Amino acid sequence: MSFTLLAVQTLNGLQFGLMLFLVAAGLTLVFGVMDFINLAHGVQYMLGAYLTAVLAPHAGGFFGALALALPLTLALGLVLERIVFRPLYGRGHLDQVLATFGVILIVNEGVKLAFGAAPISVPVPDLLSGSVMLTDGLLFPVYRLAIIGAGLGTGLLLWLVIDGTKFGMLVRAGATNAPMVSALGVDVRRLFTAVTAFGAMLAGFAGAMVTPILSVEPGMGDGVLILAFVVIVVGGVGSIRGAFLAALLIGLVDTLGRSFATDILKLMVSAPTANRVGPALASMAIYVLMAGVLAVRPGGLFPSRSAG
Amino acid sequence: QEKLKIGMMVTLSGPSAVLGQHQRDAFNLAVKQKDGKLGGLVADVVIVDDELKPDVAVQKVQGLIERDKVDIVTGVTFSNVMMAIAKPVFESKTFLVSSNAGPSPLAGKACSPFFYSASYQNDQNHEAMGKYAQDKGFKKVVVMVPNYQAGKDSAAGFKRHFKGEIADEIYTQLGQLDFSAELAKIVAAKPDAIFTFMPGGMGVNLVKQFTQAGLSGKIPFLSAFTIDETTLPATQDAALGLFAGAQWAPGSDNPASKAFVAAFEKEYGYVPSLYAQQAYDSALLIDAAVKAAGGKVKDKEAMQKAFRTASFESVRGSFKMNTNGFPIQDFYVVKAVKRADGKYATEPVEKVFTAYGDVYAKECAIN
Amino acid sequence: MLTVRGLCAGYGDARVLFDVDLDVGAGKVTALLGRNGMGKTTTVRAITGLLPPSAGEIGFGGTRIDGLPPHKIAQTGIGLVPEGRQVFPTLNVEENLVATAASRFGTTRWTKERVYALFPRLKERRKHLGSQLSGGEQQMLAIGRALMTNPKLVIMDEATEGLAPLIRKEIWACIAALKAEGESILVIDKSLDALMRVADRHVVLEKGRVVWAGSNAELAADRDAVERRLHV
Amino acid sequence: MSKTRRDFLVLGLMLAILAVLPLVGLPGWVITYTARIMAFAICAVALDLVLGYGGMVSLGHAAFLGIGSYAAGILIAEGIEDFFIGLAAGAAAAGLYALATGAIAVRTKGVAFIMITLAFGQMAFFVANALSEYGGSDGLTLWSRATLNGTRALKSDTTLYFVILAALVASLGVVRLVTASPFGAVLRAARNNPERVTALGYDVERVRLWAYVLSAVLCGVAGVLIANLTSFVSPALMAWQRSGEFIVMVILGGAGTVWGALAGAFVVLALEEGLSLATQHWKIAFGALLVAVVLFTRGGIAGLFDRSAR
Amino acid sequence: MTDAVLRLERLTKRYGALVVSDEVSVDVRPGEIHALIGPNGAGKTTLIGQIAGRVAPDAGRVFLAGEDVTALPAATRARRGLARTFQISALVSDVTARENVVLAIRSRSPGRLMPVPWFGARRFDEEAGARLTEVGLGDRADVIVSSLSHGERRALELAAALALQPKVLLLDEPLAGVGKDESRAIVKLIGGLRGRIPMLLVEHDMDAVFRLADRISVLVYGRIVATGTPSEVRADPLVRSAYLGEEDAAC
Ligand SMILES: Nc1ncnc2c1ncn2[C@@H]1O[C@H](COP(=O)(O)OP(=O)(O)OP(=O)(O)O)[C@@H](O)[C@H]1O
Ligand SMILES: Nc1ncnc2c1ncn2[C@@H]1O[C@H](COP(=O)(O)OP(=O)(O)OP(=O)(O)O)[C@@H](O)[C@H]1O
Ligand SMILES: [Mg+2]
Ligand SMILES: [Mg+2]
């Protein structure tokens, strides 16, 4: 386990973390800030990916497709908001869970119906293809740098909007006491519509961004949804800073666990045992981390917005 | 007129649905080509989705047997589903014709005269790659497989014929999306080649990321069930030049295969994979067996004998039934290419095994 | 300014208000009195649109506002200090003040600075979350928040609850000052003495009905009878 | 008729139908299929105790089902075939796991609770996957069912059906008893306002923990029954999606009601089967149904019933 | 001193730079009503929180009947006889007022966590009814809490605390939001408990405080600045300027 490998894996971990953050960003907004459990976030991510993949050949490649996918996911978000979310704002989390779960089933199957069950994808855009040499013999794909950039940019944007603008304040206020916000003269309904649609677009953006490296297939959003929730809960619900740091932490723990757990175990136990236990431990790493964090801090790392 | 009732159980939901789709389409094609008849009987095919949940599969197979009163259950995409349904199917004395999964217990200790495979035993494609790596003189190979039973079997299969050094054995999480950490590890190990088994979306991700990391062309990429026609539409150029082990490829050079590929593409507009081929052969096998048994599908003994000896023109070329109900066949190294029509497909590069049976047959007590 | 005629409202099947009439003149203060559970807050909720009235008319500044959604009503110039404070727990003090701040009618009389001058304690707690404030601090914040919408009419539902005597005096002084600036005010409080000092009209509710209404002078004359209404 | 009286009548009717079902000459697969639904219903009813009454949305209950089934499966694989031993082992294993993990989980609330139970569920899942001795991810086929007092009575699907029905009735009874008790009153009050309940001198975390453990024990029992019914045990039984399915059953049926969880289990599983026979794209219809139920009813199917009865 | 029922020893609590309790030492003697007054944000509620076990102090100790309870969780303290009301009503809102009180009464009984139905329920219901009548909620007993008015909830807070039959009662602004008439009833009720249940009373209603309290402590920004009889405290110039206020301020 050389030092360079450790350094590289750390970089990989950070990159994976930022990818997670990118996916979690929209969810942080809609669930973390607005307190609406939107399980459909995962399928919105999938729709962003599908739109990009399907449009790419007709829209002059990745960037053209991305430019089309964003307004389209926004529009789909608006439709979904109008039909399903709006009646559920004032209702309990359980209703939101059930309804948005229904949406998952519909969209996953609908996508399969429309685009087939086979994975599809888009090639890396020329502009961002290739790799940069980090150290001797070690290449880092340029596109991954782009993901890092997108993650950082989204984080910054969210942080500025939510923590720094009046819009953000109103969203946070509306999440805890919508009637009061409207009694003070703000159209809460329009506000919520804007937020959920924007959240859908962020999900779509994440989906679009991963198409060049990940396969686009029905159900691709399900596992990612869980990871996004892990990120938010570990970070502390409602905290953008928390979600950001948690995403990096999880990216690191997962990557380093995958890279070194088995090797480290081999120093202690026999190779076959290590080969058996190591991978199991590595796959659990994220969950162990989450359980550990919540055991010590039941509100997550940054329980800054304890409502109540 | 007497009917032949067939229940086809394949995975049609979740990320692996495409595998089931290939099987379903190919089976339907075969039935259609034979004017809706198999072995001279009107074939009534019920298709069910096992959802990749073994307990759901058990339930559904019970429905097929008791409600639909099927004579034959075919399909089955995944080994864990196969293991779950084997017992109820055998106990009801229904025939089980696998068009994909071939778990080792069914080839060995738990073999059954009601089980016949038109695919392969799970280890074999991996063995083929191991043999190939050995023949090519690779000294140091990294093995990377998902951490589940089929993955472990795969690694074991590869190692059966490969005698060089295994520089590292990496077990990834099932359904893993991002392989950058593993790829960095592989680069650090400086192997002569890597061997991997990453079915479905995992394979797509791995292949793309492997190529994006600039490793394609530097480290030979040997695989099984990773580079095939279910993943090529997604990986496209990224997979070109990467190797896989298989008993068949759309580029196989025999008349039956060419006819099958042409008909399949005409019917469905996509290139058939080995899953499709196996399902197609399953239909041919059933057809031949029922014919040989004179259409007496309720005569279990006659049917068993017929399955054992049935001969048909397999798309893959050579095909002979082993004592344990698994095929004895040839294995190839295949490679992803872009065809003249712009579609991606695999084609054979080199034959690795000739008339090869599995290693578990000797443990099987039927004879 | 505000005219309420024949207002009826309730929760589900339970009727709470019956034919309530109420007026707040421009630049005047009206006090709403009554024992616990008599319908004062319900009246406020009906006026502000939080609880759609089942019958009756509400006019504000010459237009009808009943049936409008709450935010439209607020935009006509009604600011609410709700019962039980209801500050936004996940916003800090300053955010609570500015989030819904507005200046809909030209002049901005209320700014952050002026609220802080009124409640220095809030300035000290500027970066604290609403949920971390003491009860009295939350009350100050709720008042400041309503003023920051620069309303023509302020409705204060138990605005002095939980405030220390010193601050309470300041609030009363402030209400008087607001009135002097031409602000209309509807106030609910249990301190009859304080109310009598600032209010122009008094309305007493009992079981959802107006049982007494009159001017300050009439109240002074009729104080015993009214006080009896306020006790069991 | 009072609402409670009517609810119990509905429940009684449902159970009565289940009791006569095997006696009316239905084909075998209907019986085993119903038995399977009942086994899952046990877990749904158990989940309702924590979810509906305790306000704890557990996304890890499939793990208890799986632990129960593995306990039974491993015992059978090791030659210990007695049904009651398996039952006790399954219940105890699930209960102990719930005790250990619940002690941490009950300290969290809301979505954090959902996620931490998911985490513990996933840990069990990965452990089961690593159990190569017992089939690993491929699972373990039980070549025979458990023995009942030394006999092979459970080989008959009908007998097993009645065993499962008995367990279901017992679970419903236990949950009913507990929720009607002082313990249940505290559990429900703590869902609404834990702070108040603490101030009244109740240890909220402990109350929640015991509810969680009891719920897990019942799920463990269901696991033992499922293992025997399908003669197969595999990690897939513990997949988190299954936990999600339990949640759907409970909410769809009506959380915290007398017969909601039971109805939810039947509706979900029967629809899955029925719709999937009709079309391969049944999930669209099923998803639309879930959305419709939420939008047009309050409190799931049981809630729908309330409204129309009013 | 040792006979104090409740004794705080140099309790200290900080939120960041803000010192909310600054070595607060207060005691409540048997039977006495000890009022705690002070400006908004002085730290009164936080102090009650520390006594009740909801907020962990950074330093200092809490003694209940001579026993150090600083390390005990809130529920245990409540069972040992520390009852409180909340300044911002915290009730179980989806059940009736009566059930809120029953929950409190049952907390005293050994069957409080019985997992099977309990057949002594009627007795509890009646006792709860009596408690509710005491605070003027007699005819509101079977109303769901969420449909009670604000003032009614405040009164219910008190009823629930009393139902615990506590050794010490911590009252956080029991009169806030309560109508004038109801206030009078509650003042009478609290006064009637004098000599039986020692109380720490936080209240901004000075009429009530001066009528009820045996002793008064004044808390200003985390520090006790004065303790004494009502007349001593009323005369204290510091208290007058920091808390009671003398002349009207303008805004
Ligand atoms: N959300 C609600 N649902 C049902 N009934 C309610 C609700 N809120 C209030 N009520 C009932 O309406 C009546 C009037 O309540 P309201 O809150 O208007 O009284 P109030 O005069 O403001 O009393 P208080 O001085 O205690 O604040 C009460 O009988 C109360 O029980
Ligand atoms: N969790 C917290 N984090 C930060 N500051 C807090 C927190 N809780 C309370 N405070 C601060 O501590 C101070 C004391 O609050 P406390 O509620 O004890 O005051 P109080 O004396 O009860 O005032 P009031 O009479 O207004 O109810 C306040 O300034 C408040 O802002
Ligand atoms: Mg009120
Ligand atoms: Mg206070």
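Every read-out reported here was derived from the displayed coordinates using simple, explicitly stated rules and does not represent laboratory data. All values derive from a computational prediction rather than experimental measurement. Cβ placement follows ideal geometry from the backbone for every residue including glycine, while neighbour counts extend to all protein chains displayed.
Structure summary
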| item | result |
| --- | --- |
| For E:Gly38, residues with placed amide H under 5 Å, excluding near neighbours | E:Leu219 |
| Inter-chain shielding of A:32-41 (mean C-beta neighbours from other protein chains, 10 Å cut-off) | 1 |
| Between helix E:121-134 and chain E: long-axis angle, C-alpha atoms, 0 to 90°, nearest 10 | 40 degrees |
| Computed lengthening from B:Glu301 to B:Glu91, 0.36 nm per intervening residue step minus Cα-Cα distance | 74.1 nm |
| Sequence-distant residues sharing a close amide H with A:Ser215 (under 5 Å, placed H) | B:Asn205 |
| On Cα atoms only, tilt of B:180-189 relative to the major axis of chain B in degrees | 60 degrees |
| The range A:159-264: C-alpha gyration tensor shape, a/c 1.5 cut-off, then a/b vs b/c | prolate |
| Amide proton proximity set for A:Phe36, modelled H, under 5 Å, gap of 5+ | A:Phe31 |
| Global size of the range B:96-209 as Cα Rg and Dmax, reported in angstrom | 15.2, 49 |
| Global form of the range A:2-56, assessed from the alpha-carbon gyration tensor, a/c cut-off 1.5 | oblate |
| Reference-scaled alpha-carbon Rg (2.2 N^0.38 Å with N residues) for the range A:3-296 | 1.05 |
| Stokes-Einstein D (µm²/s) once Rh is taken as the Kirkwood radius of the protein assembly as shown over alpha-carbon pairs, at 10 °C in 1.306 mPa s | 45 µm²/s |
| Pairwise FRET efficiency - C:Glu181 versus C:Ala225, Cβ, R0 = 41 Å, nearest 0.05 | 0.80 |
| Of A:Lys112/B:Lys93; B:Lys109/B:Lys140; C:Lys28/C:Lys190, pairs whose Cα-Cα distance is over 30 Å | A:Lys112/B:Lys93; B:Lys109/B:Lys140 |
| Simple label model, 7 Å out from Cα along Cβ direction - A:Val79 to C:Lys127, nm | 4.6 nm |
| In Hz, Karplus ³J(HN,Hα) per residue of the range B:94-107 (6.51, -1.76, 1.60; θ = phi - 60°; x = Gly, Pro) | 9, 7, 10, 10, 7, 10, 7, 4, x, x, 4, x, 6, 8 |
| Peptides ranked, highest mean first, by Cβ atoms within 10 Å: ranges D:23-34, C:91-102 | C:91-102, D:23-34 |
| Entries in A:Lys166/C:Lys152; B:Lys32/D:Lys283; B:Lys53/B:Lys351; B:Lys266/B:Lys320; B:Lys139/B:Lys258; B:Lys159/B:Lys185 that, when Cα-Cα distance is taken, lie over 31 Å | B:Lys53/B:Lys351; B:Lys139/B:Lys258 |
| Relative contact order (percent, whole number), chain B, Cα cutoff 8 Å, 6+ residue spacing | 19 percent |
| Efficiency of FRET between E:Ala71 and B:Asp35 - r from beta-carbon atoms, R0 51 angstrom, step 0.05 | 0.05 |
| Phi to ³J(HN,Hα) by Karplus 6.51 cos²θ - 1.76 cosθ + 1.60 over the range E:88-94, Hz, x for Gly, Pro | 9, 2, 10, 10, 6, 8, 9 |
| Sites A:Phe167 and E:Ser146 - FRET efficiency at Förster radius 30 Å, r taken between beta-carbons, to 0.05 | 0.40 |
| The range D:25-239 - convex hull of alpha carbons, volume per residue in Å³ | 112 Å³ |
| Mean-position separation - Cα centroids, the range E:1-54 and the range B:55-98, in angstrom | 72 Å |
| Whole-angstrom gap from the range B:285-327 to the range B:229-265, using each part's C-alpha centre | 26 Å |
| Degrees separating the helix E:150-163 axis from the principal Cα axis of chain E, which is the longest one | 80 degrees |
| Spacing of the two label points (7 Å from each Cα toward its C-beta) at A:Arg91 and D:Ala153, in nm | 4.6 nm |
| The range E:67-139: mean projected area of Cα convex hull, nm² | 6.6 nm² |
| Over chain B: helical MRE at 222 nm, DSSP H runs n ≥ 4 each giving -39500 (n - 2.57), nearest 500 | -11500 deg cm²/dmol |
| Under the span-like rule (Cα at least 20 Å along the axis, Kyte-Doolittle mean at least 1.6), DSSP H helices of chain A | A:3-27, A:62-80, A:220-235 |
| Average other protein chain Cβ within 10 Å of Cβ, residues C:137-149 | 2 |
| For the range D:204-236 and the range A:146-212, distance of Cα centres in Å | 40 Å |
| Protection proxy ranking, peptides D:262-269, E:222-229, average beta carbon neighbours within 10 Å, highest first | D:262-269, E:222-229 |
| For the range E:13-25, Karplus couplings with θ = phi - 60° (6.51, -1.76, 1.60), whole Hz, Gly/Pro x | 9, 10, 10, x, 7, 7, 8, 8, 10, 10, 6, 7, 10 |
| Peptide ranges A:12-22, B:221-231 listed from the most packed, as the mean C-beta count within 10 angstrom indicates | B:221-231, A:12-22 |
| Number of partner chain Cβ atoms within 10 Å, mean per residue of B:193-201 | 2 |
